[in-house]
Amino acid sequence: MFADSKGLNEECGVFGIWGHPDAVQITYYGLHSLQHRGQEGAGIVATDGNSLKGTRGEGLVNDVFNKSNLASLPGHNAIGHVKYGGADKGGLENVQPLLFHSSSGSLALAQNGNLINAFDLKHQLEMQGSIFQSTSDTEVLAHLIKRSGYLATKDKVKNALSMVKGAYALVLLTEDEMIIALDPNGLRPLSIGKVGDSYCVSSETCAFDLIGAEFVRDVEPGELIIINDEGLHAEPFALSTSRAMCSMEYVYFSRPDSDIQGINIHTARKNLGKMLAKEVDISADVVTGVPDSSISAAIGFAETMGIPYEMGLIKNRYVGRTFIKPSQELREQGVKMKLSPVRKVVEGKRVIMVDDSIVRGTTSKRIVKMLKEAGATEVHVCISSPPMKHPCFYGIDVSSHEELMASTHSVPEMCKIIGADTLTFLSVEGMLEVIGRKGYGDNCGQCAACFTGEYPTEIYPDTLLPYEKEMSRP
């Protein structure tokens, strides 16, 4: 899931484990499982009960960690983070977990999501004398925690969380405990597992499978969980909660082998493809999906349509990021290095290309062109989610209408721009119905704001133009 290949990126993934002799190594493997959630940086902080020590760096998990720096981390307790360099502008200083030392004890924080009032809070804290070392909103949360007048860490965290708004799946580590918290809307996934007698936490359950952990339960919206040597204790920190899990976790972000709120991601995507097939009226010879996140939907689509599913596009897994190239021709060559059409599958065929989303439209245009150059007589593009018309402020790197093709163009206009013979999107109603989160109201406990413009939280003025606001301040 590269930034320039899909145009849509998640912010990050978090992992933590308490009370295991191989805590650091298990955290390393947990971060491997979450690598798809962020490829810009990774970090681990561990404690032996006396001090906290961490290592972090920019790049993939394999690039950041080695035998030497992992061996230098102490203890049976650790948290980790993989990062996508979105709203916080990147840089080593923004790689998490963020680690803070003080005379009253150390604190490490790792967060998935985005605080929509972080810029206002940061400005207030700076006016009161706080000095920031990063542009991460996680550091804002750390200042709020340390400035709290409460004695117990859990009460400090509760007090800080009462002041922040937005999406956050938070893992905090001190010498004495690990604290987990999920925002009152539950916008990001967060689950608890167990390895023997040791509790662990992860953004996705796929990490549990790799480390041999047993799934215990999902963290509830507005819930604070304290894990220490005495076990696990849970309590609410928000009196009013309203479920609004990000729909794009089911559509695109999460791994197919993960479960969110009891729903398997592969099954959800396959059902999205089945519903999409019921909403279209197209004749074709073959169905193909855009690797990797669209394969499940393409299989469900093909089964329902009664059209053969074929591997019409191949992903080259040994290609890294294609950085900005000096010409349009070379930029298109970069896409061809990552995705290649299978000529013998599509040549002379009417092809239905199933994809999970269209953000800026650039990649869709290039893939349609590749398929036609490979001999496809028709290319019908079917998208297993509704048109993305509105920006996301909760941790996805699309924060303005100008970045979204569907915000400024009609579906027929989009179809013409990408060069497809037809373009069809799944309806909002169809998406909400088939994912399977029943009993949570009209939106089935999902956030569909990027499709409908109906946000589950208040949107602050600073959220709309954060960089401009930040630069204009004295």
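Note on HIS123: accessible area is roughly 50 Å² with a 1.4 Å probe, heavy atoms of protein only.
What is the sum of charges around GLN261, taking Lys and Arg as +1, Asp and Glu as -1, for the other residues whose C-beta is under 9 Å from the C-beta of GLN261? Could you put the intermediate results ahead of the total?
Values: positive: ARG243, ARG437; negative: ASP218, ASP259.
The answer is 0.
When the Cα positions of HIS20, CYS450, THR241 are compared along the charge dipole of the chain, CYS450 comes out farthest toward the positive end, with charges on each C-beta of Lys, Arg, Asp and Glu. The length gained on full extension between ASP155 and THR452, counted as 0.36 nm times the residue separation minus their Cα-Cα distance, comes to 103.3 nm. Under a model in which nothing but the beta-carbon of Lys, Arg (+1) and Asp, Glu (-1) is charged, the chain shows a dipole of about 1140 debye around its Cα centre.
Computed with a 1.4 Å probe on the full set of protein chains, the accessible area for MET337 sits at about 90 Å².
Within the range 155-169, whose backbone N sits under 19 Å from a point 7 Å along Cα→Cβ of GLN124? Taking a point 7 Å out along Cα→Cβ of GLN124, the residues of the range 155-169 whose backbone N falls under 19 Å are 155-168. Mind jotting down the distance between the C-alpha centroids of the range 98-152 and the range 228-301, whole Å? The distance from the Cα centre of the range 228-301 to that of the range 98-152 comes to 33 Å. Principal semi-axes of the equivalent ellipsoid, √(5λ) from the alpha carbon gyration tensor of the chain, are 39, 23, 22 Å from largest down. Think of the chain as a dipole: +1 on every Lys or Arg Cβ, -1 on every Asp or Glu Cβ, centred on the Cα centre; then among ASN50, MET337, ASN185, MET337 lies furthest on the positive end. Size descriptors for the range 374-451: radius of gyration and Dmax over Cα atoms are 14.8, 47 Å.
Starting from the residue with the highest accessible area, list VAL398, VAL342 in decreasing order, probe 1.4 Å.
Values: VAL398 0, VAL342 40 Å².
Solvent-accessible surface, decreasing: VAL342, VAL398.
Each peptide in 60-71, 137-148 was scored by the mean count of other Cβ atoms within 10 Å over its residues; highest first, the order is 137-148, 60-71. Taking square-rooted eigenvalues a ≥ b ≥ c of the alpha carbon gyration tensor, is the range 332-387 rounded, prolate or oblate, where a/c under 1.5 means rounded and, failing that, a/b exceeding b/c means prolate? Judged from the Cα gyration tensor, the range 332-387 comes out oblate (a/c at least 1.5, b/c at or above a/b). Under a model in which nothing but the beta-carbon of Lys, Arg (+1) and Asp, Glu (-1) is charged, the range 158-316 shows a dipole of about 600 debye around its Cα centre.
The solvent-accessible area of GLU58, taken with every protein chain present and a 1.4 Å probe, is close to 120 Å². A simple count of charges around MET405, restricted to other residues whose Cβ falls under 12 Å of its Cβ and scoring Lys, Arg +1 and Asp, Glu -1, yields +1. Extension gain for LYS278 to VAL342 (0.36 nm times residue separation, less C-alpha to C-alpha distance): 20.3 nm. Once the other residues with Cβ under 14 Å from the Cβ of ILE26 are scored (Lys, Arg +1; Asp, Glu -1), what is the net sum? Computed value for this residue: -3. Length available on full extension from PHE132 to SER104: 0.36 nm per residue minus the Cα-Cα distance, which gives 8.1 nm. Show the residues, 5+ positions off or on another chain, whose built amide H is closer than 5 Å to the amide H of GLY166. Residues meeting the amide H criterion: ILE116. Rounded to the nearest 500, the helix-only mean residue ellipticity at 222 nm of the chain stands at -8000 deg cm²/dmol, with each DSSP H run of n ≥ 4 adding -39,500 (n - 2.57).
The values are calculated or read from the model by the stated rules, or taken from the named source; none is laboratory data. Note that the structure is a prediction, hence the values are computed from the model and not measured. All Cβ positions, glycine included, derive from the backbone under ideal geometry; neighbour counts span all protein chains shown. We work out accessible area using only protein heavy atoms, side chains counted, and drop any ligands, DNA or RNA first. Shrake-Rupley method; radii C 1.70, N 1.55, O 1.52, S 1.80 Å.
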